[in-house]
1. Surrounded by 14 or more Cβ atoms within 10 Å (Cβ to Cβ), in a loop (DSSP other than H, G, I, E, B) and modelled with pLDDT of 90 or more: does that describe residue 60?
2. Here is a list of conditions, (1) at pLDDT below 90; (2) assigned to a loop (DSSP other than H, G, I, E, B); (3) under 11 Å from the mean Cα position of the chain (by Cα), and residue 4 meets all of them except one; can you say which number that is?
3. Give me the residue from region 23-50 that is out of contact with any helix residue (DSSP H, G or I) (no Cβ under 8 Å at 6 or more places or on another chain) and outside any helix (DSSP H, G or I) and, out of that set, nearest to residue 64 (Cα to Cα).
4. When region 15-28 is examined, which residues are found to be loosely packed, with under 11 Cβ neighbours inside 10 Å and either without any contact (Cβ under 8 Å) to a residue 24 or more places away in the chain or at positive phi (or both)?
């Protein structure tokens, strides 16, 4: 199942140069994190780091630069 393809129709208006994460990866991580009962971005980050292999292999996300860092 390639969930990341569903987010490809979303326009990404960020500046391309400094962006190190795909918008589809970020949106997908937030969606899956909320479905996994994460309450905030810190928990979503923790969920992503613990399940990165599942997110990549089973759901089709790339996370080429790892999970986006949480803001302290």
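1. Answer is yes for this residue.
2. Going through the list (1) at pLDDT below 90; (2) assigned to a loop (DSSP other than H, G, I, E, B); (3) under 11 Å from the mean Cα position of the chain (by Cα), residue 4 breaks only (2).
3. Per the stated criteria, the residue is 40.
4. 15, 16, 17, 18
The values are calculated or read from the model by the stated rules, or taken from the named source; none is laboratory data. If you're wondering where the values come from, they're calculated on a predicted model, not measured in any experiment. Because the Cβ atoms are built from the backbone with ideal geometry, glycine has one as well, and the counts that use them run over all protein chains shown.
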